[in-house]
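Student: Quick one: this structure, given as C-alpha cells, is what I'll be asking you about.
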Amino acid sequence: MRDSNKSFSEWMEILHLVLDTKKACSIKEILRLSQQTRYETVFHMIRKIQQEIGEINFREVQECHAFLDAPEVFDHFPNLPDKLEVFIKLSKRRTRDKIRLVLPMDLEKIELDLRHKLRCDCSYRFPKLLKHSRSCFSQDHACRHLTLKEDWMIKIKANFLKVLDGIHHDFSRFHLQGKLDEYCFKYNHRYAEKSKLILFFERLNFEFRQNSVHSAFG
C-alpha cells in the first residue's frame, strides 16, 4: 500500500478478491467486481500483492527441493516452460505440506533481461513492479533433493492448469511467477480455518516485527 493513492478500503477489496475467492479471478473479472474503473490500476495493485505473497512463500518454504516436469500442462501455452522448480516444506501427516513453485534458472535470466529492457523504456508506467522478488531465486545448495510422487505431481499440475487455462486463457512468462506465488499461497493454506486475507496480514505483520528487531539491534 506504500506510495499508493488508493484508500485502505480499496486495497482490502482487491485483497479479498485475490485471496479469498474460491475460484481464481482474472484482472478483468476483479475490475468488474470491484469499485475500480481502470484496468491499469487493478493490474498494478494485483502485481504488488503478488510480490508480497512471493516474499511470504519465500520465508515459509525453503526446506526440500525438486523439479516438476509439466510438458503436458504447458502444451496450451507454448511460451511457458515445461519444467518448474519446487521447494517443499514437509509436514508430519503430509497433508499440510507447503510448496513454492519457481521458474527455472534459465528463464530467470530471460526475465531479468526483459525487466532491464522495460526499465530502459520510459513509456512503461509501473517500474516498481519490475523488482525481482526473492521468491524467484533458487536455494538448491541449501536444500535436500526430494523425489516427488507421481500422483502428487499430477494433482499439482492439473490444478494449476485449471487456473491458467480456465481463467486467463493466455499467459506470458513475465507474469508467470506472480501467478505461481498466488497459487502456492492458496494451496499452502487450503485447510486454514482463518481467512486467507487475515493470514496474509498476519505474515506481513510478522515480517514487520522481524525487521524492527533487526533494525533495533543491527
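Student: If you check Leu19 against the conditions, is it open to solvent by less than 80 Å² (accessible area, probe 1.4 Å), within 29 Å of Ile99 (Cβ to Cβ), in contact with a Lys or Arg (Cβ under 6 Å, 6 or more places away or on another chain) and at pLDDT 90 or above?
Tutor: Yes, satisfied.
Student: I would also like to ask the following. Could you count how many residues in segment 35-58 are without any contact (Cβ under 8 Å) to a residue 24 or more places away in the chain and among the hydroxyl-bearing types (Ser, Thr, Tyr)?
Tutor: The total comes to 2.
Student: Right, something else. Please identify the pairs in which a residue from segment 186-200 that is open to solvent by less than 40 Å² (accessible area, probe 1.4 Å) has its Cβ atom under 6 Å from the Cβ atom of a residue that is of a type outside the set (A, V, I, L, M), counting only partners at least 6 apart or on another chain.
Tutor: Here the result reads Asn188/Lys98; His189/Lys196; Leu197/His16; Leu197/Asp20; Leu199/His189, each pair linking segment 186-200 to a residue that is of a type outside the set (A, V, I, L, M).
Student: Filtering segment 182-200 down to residues that are among the hydroxyl-bearing types (Ser, Thr, Tyr) and part of a loop (DSSP other than H, G, I, E, B), which residue is nearest to Val86 (Cα to Cα)?
Tutor: The extreme case among them is Tyr191.
The values are calculated or read from the model by the stated rules, or taken from the named source; none is laboratory data. Please read all numbers here as calculations on a predicted model, not as lab measurements. Cβ coordinates were reconstructed from backbone atoms using ideal geometry, including for glycine residues, and neighbour counts include every protein chain displayed. What goes into the accessible areas is simple: the full protein's heavy atoms, side chains included, and nothing from ligands, DNA or RNA. Shrake-Rupley method; radii C 1.70, N 1.55, O 1.52, S 1.80 Å.
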